[in-house]
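Participant: Here you go, one structure.
The values are calculated or read from the model by the stated rules, or taken from the named source; none is laboratory data. The structure displayed is predicted, hence computed values, not measured ones. Cβ coordinates were reconstructed from backbone atoms using ideal geometry, including for glycine residues, and neighbour counts include every protein chain displayed. For accessibility, only protein heavy atoms count, side chains too; no ligands or nucleic acids. Shrake-Rupley method; radii C 1.70, N 1.55, O 1.52, S 1.80 Å.
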Amino acid sequence: MKLLHLFLIFILFFQATQVFLVEGQGGNLQELTKKHHRPRAINCNYACARRCSKSSRKKVCHRACKSCCTTCHCVPPGTYGNKALCPCYAKLKTHGNKPKCP
């Protein structure tokens, strides 16, 4: 019984120190994990070649896609649409407020 009490006290102490450490660094746990999160590596040449394979203007499409890919680190699947799967890709606009990414 005493062993169970000691174990519970240890767990409560451990949780309290974790909360103290997270609050002491000036943010919540989600902010701390974002700070150290690196975007996953993506082969933009391959992804954009796949995305622009059915385009009538392949070089223009590929150039715009590579620009978007390097910024967003993602390219939606398929040759058209599916931009909801990559929100950053969908939000990028040209100076004329038109969608930048194919």
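Participant: Those residues that are in a helix (DSSP H, G or I) and free of Cβ contacts under 8 Å to residues at least 24 places away in the same chain, I need them from the stretch 40-71; list them, please.
Facilitator: 45, 46, 49, 58, 59, 60, 62, 63, 66, 71
Participant: Ok, one more. Could you list all residues from the stretch 72-82 that are surrounded by 14 or more Cβ atoms within 10 Å (Cβ to Cβ) and under 19 Å from the mean Cα position of the chain (by Cα)?
Facilitator: If the condition is that a residue be surrounded by 14 or more Cβ atoms within 10 Å (Cβ to Cβ) and under 19 Å from the mean Cα position of the chain (by Cα), then 72, 73, 74, 75, 76, 82 are the ones that fit.
Participant: What tally of residues in the stretch 55-69 results from selecting those that are of a type in the set (Gly, Ala, Ser), farther than 14 Å from residue 94 by Cβ and open to solvent by less than 40 Å² (accessible area, probe 1.4 Å)?
Facilitator: Qualifying residue count, the stretch 55-69: 1.
Participant: Something else: Taking the options 92, 85, 32, name whichever one is under 17 Å from the mean Cα position of the chain (by Cα), surrounded by 13 or more Cβ atoms within 10 Å (Cβ to Cβ) and at pLDDT below 70.
Facilitator: Step by step, each of 92, 85, 32 is checked, and only 32 is under 17 Å from the mean Cα position of the chain (by Cα), surrounded by 13 or more Cβ atoms within 10 Å (Cβ to Cβ) and at pLDDT below 70.
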